[in-house]
Each structure stands twice: as C-alpha cells, then as structure tokens.
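Visitor: The following block contains the structure, expressed as structure tokens.
What follows draws every value from the coordinates through simple rules; no lab data is involved. Computed from a predicted model, the values in this text were never measured in an experiment. Virtual Cβ from ideal backbone geometry, glycine too; neighbours counted across all protein chains shown.
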Amino acid sequence: MTPGYDQLVRLFKSLPGLGFRSAERIVLHLLVEKPEKLNQFIEQLHDSAGLIGPCGSCGNLAEGDHCSICLDENRDTDSICVIERVPDLFAVERSSAYRGLYHVLQGKLSPLRGIGPEQLNLSSLDKRLKEGSVKEVILALGNDLESEATCHYIQEEIVGEQNIKVSRIGFGLPSGGGVTFADEMTLKNALESRRALDFS
C-alpha cells in the first residue's frame with residue numbers, strides 16, 4: 001500500500017459510521033473501480049461546502065439565510081420542535097407526523113465533556129420564543145441523562161415564565177436511545193403521545 005492510499009483510508013475511516021473496511025471500499029471504488037467519479041465527487045463536495053450552511057433561524061441546513069422549512073408558509077408556526085442535531089430533524093420529517101417548525105441545538109448539555117449552554121444553539125431559541133407567536137415547545141431529545149438535563153434547562157431557563165406549553169416525546173424510544181435511528185412509526189407515536197413537562 002502507498003502512503004497516499006493509507007492516508008485516504010484513514011480520512012474516510014474518521015467519518016461517522018465508517019469502519020476500516022467501509023473506508024477501504026470507498027477509496028478503492030474512487031481510485032480504481034470508478035476513477036471518473038472522483039473529480040465529480042470532489043467538485044460537488046467543494047461546491048456544496050460553499051453553498052450549504054446553518055439556517056439563521058433554526059439551525060437546519062440551508063442554501064441561503066433560511067432553510068426551506070422556515071420559509072414554508074404552510075408550516076404551523078404555533079409550535080417549535082427542539083432537536084439535538086440535523087439528522088434528528090430529517091428523521092422526524094420522514095415520520096410525516098409533525099408540520100410545525102424546528103430548532104436544532106447542535107448538541108446537548110454535558111458538563112463532563114465541557115458542553116454548557118453557551119456551546120448550544122440556545123440564544124436564538126430564546127429570541128424566537130420571545131417574538132410571541134409560539135404556543136408549544138416540543139422537546140424531541142433522546143432518552144438519557146444529558147437529554148433530561150437539557151430539557152430541564154430549556155424549560156426553566158429558556159421558556160421560564162412565558163405562557164408556552166412545554167411537552168416531551170418519549171413513548172416508544174428505548175432508554176438511552178436517540179431520535180435519529182428510530183423508525184417512522186415509533187417517532188409518529190412518540191410525537192402523538194407527547195406529555196406536558198412538570199419539573200416542579
């Protein structure tokens with residue numbers, strides 16, 4: 001093997017969800033089996049990196065200032081579904097059980113890993129809620145201690161005394177499980193069976 005080949009395999013292996021064998025298959029596919037795809041792959045990656053960024057409102061992927069969901073006039077603006085990451089948003093959308101707006105936190109509170117409120121997309125959520133049109137915040141986070149702490153923080157510090165209902169999905173999600181890998185029916189049931197939160 002050449003040093004260049006080894007470096008490419010290591011780079012692909014560093015991506016989420018790819019082990020050594022998967023990374024090796026991708027590198028061999030691009031270098032040996034379908035080399036004509038290599039330049040197309042590089043150009044598309046470069047072009048997309050320049051076009052795609054976070055939505056200025058919710059944090060979803062956008063080609064411009066705002067994402068297609070925030071710009072969709074047919075969405076229900078009374079509710080905001082708070083999720084951890086963009087793949088969670090995609091999973092909820094696939095379930096077709098929710099037609100409101102979203103807010104992507106880009107993580108969850110984790111003092112042990114040095115992730116506090118300042119590292120999350122919380123200030124823009126606070127700003128959106130203070131605009132006054134939202135009636136319900138749906139917390140669609142995973143079923144673990146860090147998610148519980150994040151939900152508690154949002155209800156106490158972000159929603160606070162505002163006259164906004166706060167609910168939490170959870171039905172059907174396994175302990176320690178997240179939203180991204182739940183199937184559509186489980187997410188549909190989780191959203192439809194959400195419960196109001198009460199930390200008092």
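Visitor: In what sequence, highest mean first, do 108-116, 12-20 appear when ranked by Cβ atoms within 10 angstrom?
Guide: Result, highest mean Cβ count within 10 Å first: 108-116, 12-20.
Visitor: Here's a follow-up. Run the quick spin-label model on Asp78 and Lys135: label points 7 Å from Cα toward the beta carbon, then report their separation in nm to one decimal.
Guide: With each label point 7 Å from Cα toward Cβ, the separation is 0.3 nm.
Visitor: Could you tell me the calculated FRET efficiency between Glu33 and Ala149, based on Cβ-Cβ distance and R0 = 35 angstrom, to the nearest 0.05?
Guide: 0.15
Visitor: Which of these values of Kirkwood radius over Cα pairs in Å was calculated from the structure shown: (1) 19.5; (2) 17.3; (3) 18.9?
Guide: The listed entry that was calculated here is (3).
Visitor: Give me the distance in nm between label points sitting 7 Å out from Cα along the Cα-to-Cβ direction at Ala196 and Lys127, one decimal.
Guide: 3.1
Visitor: I've got another one for you. In nm, what is the difference between 0.36 nm times the number of residues separating Asp47 and Leu15 and their Cα-Cα distance?
Guide: 9.6 nm is the gain from fully extending Asp47 to Leu15.
Visitor: For each of Val32, Val104, count neighbouring Cβ atoms within 10 Å of the residue's Cβ, then give the residues from fewest to most.
Guide: The order, fewest Cβ neighbours first, is Val32, Val104.
Visitor: Looking at the chain as a GNM with Cα springs under 10 Å, which of Leu139, Leu51, Leu89 has the largest mean-square fluctuation?
Guide: The residue with the greatest mean-square fluctuation here is Leu51.
Visitor: Multiply the residue gap between Arg25 and Gln40 by 0.36 nm, knock off their C-alpha separation, and tell me the result in nm, one decimal place.
Guide: Using 0.36 nm per residue and subtracting the Cα-Cα distance, I get 3.6 nm.
Visitor: How would Tyr98, Tyr153, Tyr5 line up from fewest to most surrounding beta-carbon atoms within 10 angstrom?
Guide: Tyr5, Tyr153, Tyr98
Visitor: Let me check I've understood the local charge: for Leu71, count other residues with C-beta under 12 angstrom from its C-beta, Lys and Arg +1, Asp and Glu -1. What total comes out?
Guide: That works out to -3.
Visitor: Taking the Cα-to-Cβ direction at Glu184 and at Glu161 and moving 7 Å from each Cα, how far apart do the two end points lie in nm?
Guide: Between Glu184 and Glu161, the simple spin-label model gives 4.5 nm.
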